[in-house]
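The values are calculated or read from the model by the stated rules, or taken from the named source; none is laboratory data. Given the structure is predicted, the values throughout are model-derived calculations rather than measurements. Please note: Cβ atoms are built from the backbone with ideal geometry, for glycine as well, and neighbour counts cover all protein chains shown.
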Amino acid sequence: MRALLSLGAETSLPEWDGNEVATNESCRLRETQLTCRAVCDVLRCLTMRSSTITIRLDEKLDRELTRACAQTGRTRSDLARDALRRQVALLRFERLRAKVLPLAEARGYLTDDDVFRELS
């Protein structure tokens, strides 16, 4: 356990602010919570395979990203990952649609409304 905690996870207790009475039980509970959180954080880092990319943002997009982070409480990385996931899914959809479109047209499905009408 000590080796896992030494990998950079939070291990110290916060300062006592004087507004609460610290008991041995509450200190042990807080220490246990921090230790569990630290172990979970380390395990998550060890099991998550990831890679790093660098992107350049123009000033306007950088401001929009910063504003979106402030409004949602999410990190820049989290929003960028989400945007990439959506874009990759959209590209996959468009590629599949291009493959299926000739087959659909041959059967008389020329618009999305034709498909919806058939399914309804």
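Within the stretch 83-108, the only residue that satisfies the criterion of being outside any helix (DSSP H, G or I) and either surrounded by 10 or more Cβ atoms within 10 Å (Cβ to Cβ) or of a type in the set (D, E, K, R) (or both) is R107. T66 fails exactly one of the following numbered conditions: (1) surrounded by 12 or more Cβ atoms within 10 Å (Cβ to Cβ); (2) at pLDDT below 95; (3) of a type outside the set (A, V, I, L, M). What is the number of that condition? Of everything listed in (1) surrounded by 12 or more Cβ atoms within 10 Å (Cβ to Cβ); (2) at pLDDT below 95; (3) of a type outside the set (A, V, I, L, M), T66 misses just condition (2). Can L110 be described as touching a residue at least 12 places away in the same chain (Cβ under 8 Å) and assigned by TED's automatic domain parsing to the domain that holds E64? No. Residues in the stretch 62-88 that are over 19 Å from T52 (Cβ atoms) and touching a helix residue (DSSP H, G or I) at 6+ places or on another chain (Cβ under 7 Å): 1 in all.
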